[in-house]
Amino acid sequence: MPMPGSWRLPPACTPRLWQSGWASFPQCPRTSPSKRRQSSPSTAILAAPSPVICGPTCRLPGRQRAVKRRKHNISVAMAKAGSMRERDLAAVEARIERIRTTGKASLALKRGAVKDMRRLLRIIQDDHADLQACYLLGWMFWYRHRAMPYIDDELDAAVEMFTPCFVEGVEPLPEAVLPVLAESVVPIAEARLDDPVRLGQLHRLSDDIALWRRIAGATTADDPFRAARLTRLSFLLWFRFLRNGKATDVEESVAIARKAAAQDEVGDTDTAFRLSVLCLALTARFSMNGMVTDLDEAIETGREAITLNAVDTTTVMVRMALGTALLTRARMTGDDEDLEEAIVVAREAVQRGEAGDPDDASALSLLGGALLTRFERRGDLADVNEAITACRAAARVLPADHADRTDAVLILGEALKRRAFRTHSEADLNDAIANLRETLKISGPDNSRRHGMLSSLAGALHMRSEHTGDLADLDEAITLGRQAVTLTHDDHPDRPLMLANLARALQSRFGATGGTADLDQAIVVAREAANVVSPDSSARANVLLNLGSALQQRFVRTESREDIDEAVTACRLAVQTALGERAAALLHLSRALGPRFVAFEESADGEEAVAAAREAVAIIPADHSRRPIVLFELSRALDARFRLTGDETDLEESAALLREAIESTADDADRALYLSRLGDRLRSRFGRTGVPAERDEAVAAWSEAASIVTAPASWRIDAGWAAARLIADSDPGRAAKLLDAAVQLLPETAARHLHRSDRQRALGEYASLAADAAALTLTDTSVRRTDEERATRALRQLELGRGVLLSQALDTRSDFTDLQARHPTLAARFTELRDRLDADDTMAVPLMTGDAGSPQDWGVDRRRRIAAAFTATVTEIRALEGFESFLRPPEPSELVRHAAHGPIVVINVSRYRSDALLLTVDGIRSLKLPGIDAAALANTWLQALDAVRDPEQPARRRTAQTTIVEILEWLWDRITGPVLDELGYRTTPADGTEWPRVWWVPCGPLSLLPIHAAGYHRERPGASGRRAVMDRVISSYTPTVRTLGYARDKDSTSAVVDRALVVAMPTTPGAKPLHHAAREASLVQSRFSRPTALIGGDQDSLTTQRVLDQLSRCPVAHFACHGTIDETDPAQSKLLLHDHGVAPFTVARLASIQLDQVRLAYLSACTTALNPAASLVDEAVHLATAFQLVGYPHVIGTLWEVDDRLSADVAGAFYEGVSIDDGQIDPTHAARSLHQAVRTVRDCFPAAPSLWGGYLHVGA
């Protein structure tokens, strides 16, 4: 707390005052400070005439000669003066040395000595700041005084000369004269002490401390003013501690203040002042070490000072010191009595000060801080309004360079921030940020409280980010928060608060973006805060709640028992230590216990969760804005207990609580949450009672939740999907509409800037949504549509739903990437608004139910603004040429256009029905398929593939091969046979005729199966050929129809190619050898006139980066190596190169490069097209798809592990089929050539489809 000018030191400590101070010191040789004489010997000496300096001249005409002469005289005079000064100083210094050597002070009385002194006095007359001349003259006058002790003028003159030396710390000085010097410079030091600008400059402050240290050191023990001078030194040390935070300063300040306070009293005023400085020093030391005894002693000392009835000059300061200590303890302990006393004392200080005087402004700042603290506890707007008024008044009268301005502006910024949070005033919030930025600017980087200023500004930016959705503000808040933490050492009392604020900001960014790195860092920071916070700190509960909240959020993702156990422990401790935040602590405890109860079914957790939530409901007032949240938490705890015990009274009470919460909640995201959970409760009751009214109420609740535009898109999707599932059988038309709306929201989920695994998690949850929507659309007869119209609508839903992850997870071409390329600013705005609108921030930060100034609808306003801005942005984008269908499914005409080269078959499997959507040049129609349990089929398939590779059990291999054959025959009977019959492909094409092509788009678990290999391969061909897909058509795959369009656009502009990159790994670290990889590479190279071969080995440096560098240079890329699938994150599936352990060649790496001239990628590796991740089977994210999406219009891949020798043979046959003369190939024949090669192998091994059925073509 800076020292206000109103805390002027009492004049009783200065027996003799120089009104002019140090500013008039240069005149001191002409004006003696002695009260016994009107002039000093130095005045008489200075009265002697000065010598006239003149020099030679030369003859020049007129004015020019005169100017030349003057310039010459000046330069000569300056040179002569410099040399004369050195000569005169040396002469006096020599005399002083002789006096010291001989011990004869009388030598200073010699005529020559007087002449030398006279010359130095003239130097001082010309240059009053010549300390060397003053110092030498002071010693000469001192020796003259020693020789003539009966003449006071000599002593007075010595004091005059030594005074500037004493001020500046020039030593040594005569010990006998030091007390006199100390007395003589007090007015100078006092004048400096009254200069608030000087106090605000650290280097000058340090100079003043050194001066007062010399004054105190030179003051004798029996001097009646010694205590006052020690007090000033203590005050300045305290003030410097506020600036630099150095412990040595505050320790010395306390020690000196104690010494001063122990001196004999001179008067009540002086004693009150000394006690007040001790009060300030002790309060400051508490801020450093957190010792409550210091704070208690400070308050006792301050109260004692008040009882002395100090008057005018110290009354403001005395009350300021006590008020500061009381407010500090009130903030630490939460004691209301201390706070009320602090307010009373601050008001008295304001009343006793002089209105409009900058020196009294700190009293206003203290009052503002105390009122702000009371507002934070009680929420009375009158308090924060008065606090703002007081601080504005202080800021108006304090100039920019005044030491006290920082406090006034800082408290003003905090008060405006708090009022903005309460009233939603954007103007207040912006004003708060401006004021808080000013505090950082005027306080300087070395201010010991800079960490608090940084954290306060970070909090305001954090708040504005929550208000506006601007992530830039949140990013800056985190940056400032980290700087604040850096400025607090491990034992600093403020470190827990700095850490807690940073953790909250990181949690908020996690809530906005979903990035787990922020959540992990928030936990690390919050855990440190909880470890270092003082057990008796009033902030301890909030610090622990921060940690508990973050751990709960991570448990939702990781299901880590350690996380949820630590969260429960933290929340229990918060409940034990919470004061005004007890309801919040209880709420968080219930939140932590609930998930643990559900996950591990420990009944004690369920009981405690309900009890904690009940107590929170009992504490929170009926009209409190946060009451709906508390009701919701109790409802959740009761529902969890119901699920374990089956007690219907819990279910009924849970529903009733949600209805109460809904009634008092506006049309916002929270209302959507409560409605969704009410739907869940009613669905449970309907499942037990079968009462239609409960089903209808559940559907109505979910439907309303799905319609609330300010709710996160993911919540709305979940609500609509839940309603549709409940009424799919009874009202498929309404269910179809709900799911159609849900599918339209999919592009608004899964923030593109998330870590890729986070994106996959977000989208994987909706893997079957589009499939269900398409199935119900085909079932819906409530709307008069033709079969073709229903099929078209279903295909558009599938296109939109399936394309989401491909464009967002891989950053590949889509309408959004086109927008980024052509309108980057608009794309950035769209992304930010989408991500903020979809953020689930219900647990991003702790709920401060004890803060009556925390309104629930702050977030409501923010989400409404974001929703409106998002809608406006999408409208603006759709007005651009080429972006009319932005975020919409493709138009039917666009879909039909892609069937020009052959039919596209989308196989959709849902819980409701199975269909094949047939896209031809004639339009879109559907073919209903018999019921398919695709998940069970895929599971059986994967087990058979695993068994067929078992080298130890031949019988198991044979059984598995039989299973594979049977599944392929089943696929023909149930899916591919009826589809090809419907398309008119009922026979094998005649020799010499062009084979028809079909593109397959299998959805869901069917994407794991070789649709192209379906059929009866063991039977003899009949008149129409075998009943097998490969005997009717040439098959290709595409993840979506639009993706096929992108591939064809690329393929149509290319020609034959003669250059290829051939990568082979005969030996791979950590994998079995591929004995035929080198032979395969040799076969491939022979087909190109300009091949680039990278053949690896055990010690080879065939790395991912080398391959990536070559890809863009070669139109064809051939890989003969191992491949693996990452079942939890398919984007991490990879080809195994030499450095696959540290820098794998993954789907994710492919997405980071641009390939404009490429044509064909041949992935002769294991499982490059398989995606077994159960939650992502509707999103075909694998290496084969990735190569197509990054630019290869043709990709050859494998669905499972293939035989090494056979792989080389198939590759050789494939390249023979696409080769033309002169070492070139035509990639447009890729599908046909692979078909012929595989069909040839099939004819050799018809009963072993595991050898040949895995090869497939993806793309054009």
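Taken over region 886-916, residues that are assigned to a loop (DSSP other than H, G, I, E, B), touching a residue at least 40 places away in the same chain (Cβ under 8 Å) and either polar (S, T, N, Q) or over 22 Å from F816 (Cα atoms) (or both) amount to 7. Looking only at residues of region 1018-1043 that are part of a helix (DSSP H, G or I) and at pLDDT 90 or above, we find that the one that is farthest from D815 (Cα to Cα) is D1031.
Conditions tested, residue by residue: (1) at pLDDT 85 or above; (2) over 29 Å from T831 (Cβ atoms); (3) part of a helix (DSSP H, G or I).
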{"site": "H462", "(1), (2), (3)": "yes, no, yes"}
{"site": "H467", "(1), (2), (3)": "no, no, yes"}
{"site": "L480", "(1), (2), (3)": "yes, no, yes"}
{"site": "A484", "(1), (2), (3)": "yes, yes, yes"}
{"site": "D491", "(1), (2), (3)": "no, yes, no"}
{"site": "P496", "(1), (2), (3)": "yes, yes, yes"}
{"site": "L499", "(1), (2), (3)": "yes, yes, yes"}
{"site": "L502", "(1), (2), (3)": "yes, no, yes"}
{"site": "Q507", "(1), (2), (3)": "yes, no, yes"}
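Taken over region 817-832, the criterion of being free of Cβ contacts under 8 Å to residues at least 24 places away in the same chain and hydrophobic (A, V, I, L, M, F, W, C) is satisfied by A821, A827, A828.
Here's the yes/no breakdown for (1) at pLDDT below 90; (2) within 15 Å of S1112 (Cα to Cα):
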{"position": "T1053", "(1), (2)": "yes, no"}
{"position": "V1056", "(1), (2)": "yes, no"}
{"position": "R1059", "(1), (2)": "no, yes"}
{"position": "V1062", "(1), (2)": "no, yes"}
{"position": "P1069", "(1), (2)": "yes, no"}
{"position": "P1073", "(1), (2)": "yes, no"}
{"position": "R1087", "(1), (2)": "no, no"}
{"position": "R1090", "(1), (2)": "no, yes"}
{"position": "G1097", "(1), (2)": "yes, no"}
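Restricting L945, L918 to residues that are under 49 Å from the mean Cα position of the chain (by Cα) and modelled with pLDDT of 90 or more narrows the list to L918.
In the set A408, A395, A415, only one residue is over 31 Å from the mean Cα position of the chain (by Cα) and assigned to a helix (DSSP H, G or I); that residue is A395. Run V610 past the list (1) under 22 Å from A722 (Cβ atoms); (2) in contact with a helix residue (DSSP H, G or I) (Cβ under 7 Å, 6 or more places away or on another chain); (3) not in a loop (DSSP other than H, G, I, E, B) and report the number of the one that doesn't hold. The single condition V610 does not satisfy is (1). Applying the selection to region 1201-1228, what residues are over 19 Å from R1242 (Cβ atoms) and of a type outside the set (S, T, Y)? Correct list: V1218, I1220, D1221, D1222, G1223, Q1224, I1225, D1226, P1227. Restricting L275, L202, L230 to those that are closer than 30 Å to G138 by Cβ and either surrounded by fewer than 24 Cβ atoms within 10 Å (Cβ to Cβ) or of a type in the set (A, V, I, L, M, F, W, C) (or both) reduces the list to L230. Whether any residue in region 317-336 is touching a Pro at 6+ places or on another chain (Cβ under 6 Å) and over 26 Å from S538 (Cβ atoms) is what I want to check. Looking for residues that are touching a Pro at 6+ places or on another chain (Cβ under 6 Å) and over 26 Å from S538 (Cβ atoms), one finds none in region 317-336, hence no.
Among the residues of region 673-717, just one is modelled with pLDDT of 95 or more, over 33 Å from the mean Cα position of the chain (by Cα) and of a type in the set (S, T, Y), namely S703. Within region 203-226, count every residue that is modelled with pLDDT under 90, in a helix (DSSP H, G or I) and hydrophobic (A, V, I, L, M, F, W, C). Result for region 203-226: 1. When the criteria are applied in full, A261 fails the requirement of being over 20 Å from P179 (Cα atoms) and surrounded by fewer than 16 Cβ atoms within 10 Å (Cβ to Cβ). A count restricted to region 421-441 and to residues that are crowded, with 19+ Cβ neighbours inside 10 Å, hydrophobic (A, V, I, L, M, F, W, C) and over 16 Å from M498 (Cβ atoms) stands at 4.
Here is a yes/no grid of residues against (1) without any contact (Cβ under 8 Å) to a residue 60 or more places away in the chain; (2) assigned to a helix (DSSP H, G or I); (3) in contact with a Cys (Cβ under 7 Å, 6 or more places away or on another chain):
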position	(1), (2), (3)
E304	yes, yes, no
M317	no, yes, no
G323	yes, yes, no
T328	yes, yes, no
R331	no, yes, no
I343	yes, yes, no
R347	yes, yes, no
E354	no, no, no
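In this structure, L754 does satisfy being modelled with pLDDT under 80, buried (at least 20 other Cβ atoms within 10 Å of the Cβ), of a type outside the set (K, R) and more than 18 Å from L887 (Cα to Cα). Criterion first (modelled with pLDDT of 90 or more and surrounded by fewer than 20 Cβ atoms within 10 Å (Cβ to Cβ)) does A567 satisfy it? Taking the combined requirement at face value, the residue does not satisfy it. Screening the candidates Y1046, Y1037 for the property of being aromatic (F, W, Y), in contact with a helix residue (DSSP H, G or I) (Cβ under 9 Å, 6 or more places away or on another chain) and buried (at least 23 other Cβ atoms within 10 Å of the Cβ) yields one hit, Y1037. Taking residues in region 242-259 that are under 20 Å from D404 (Cα atoms), and partners anywhere that are among the small types (G, A, S) and surrounded by fewer than 16 Cβ atoms within 10 Å (Cβ to Cβ), the pairs with Cβ atoms closer than 9 Å and at least 6 places apart or on different chains are R243/G444. Scanning region 166-177 finds one or more residues that are at pLDDT 90 or above and buried (at least 24 other Cβ atoms within 10 Å of the Cβ). Does region 632-645 contain at least one residue that is of a type outside the set (S, T, Y) and surrounded by fewer than 18 Cβ atoms within 10 Å (Cβ to Cβ)? Yes, some residue in region 632-645 is of a type outside the set (S, T, Y) and surrounded by fewer than 18 Cβ atoms within 10 Å (Cβ to Cβ).
When P172 is tested against (1) assigned to a helix (DSSP H, G or I); (2) free of Cβ contacts under 8 Å to residues at least 40 places away in the same chain, exactly one condition is not met: (1). Selection within region 125-169: residues that are aromatic (F, W, Y) and assigned to a helix (DSSP H, G or I). The member of this set that is farthest from the chain's Cα centre (by Cα) is Y143. For region 1171-1190, the count of residues that are in contact with a helix residue (DSSP H, G or I) (Cβ under 6 Å, 6 or more places away or on another chain), assigned to a loop (DSSP other than H, G, I, E, B) and at pLDDT 70 or above is at least one.
The selection criterion, being under 24 Å from A1231 (Cα atoms) and touching a strand residue (DSSP E or B) at 6+ places or on another chain (Cβ under 9 Å), holds for V1056.
The values are calculated or read from the model by the stated rules, or taken from the named source; none is laboratory data. Everything numeric here is computed off the predicted structure, so don't read it as measured data. Using ideal geometry, Cβ is built from the backbone for each residue, glycine included, and neighbour counts are taken over all protein chains shown.
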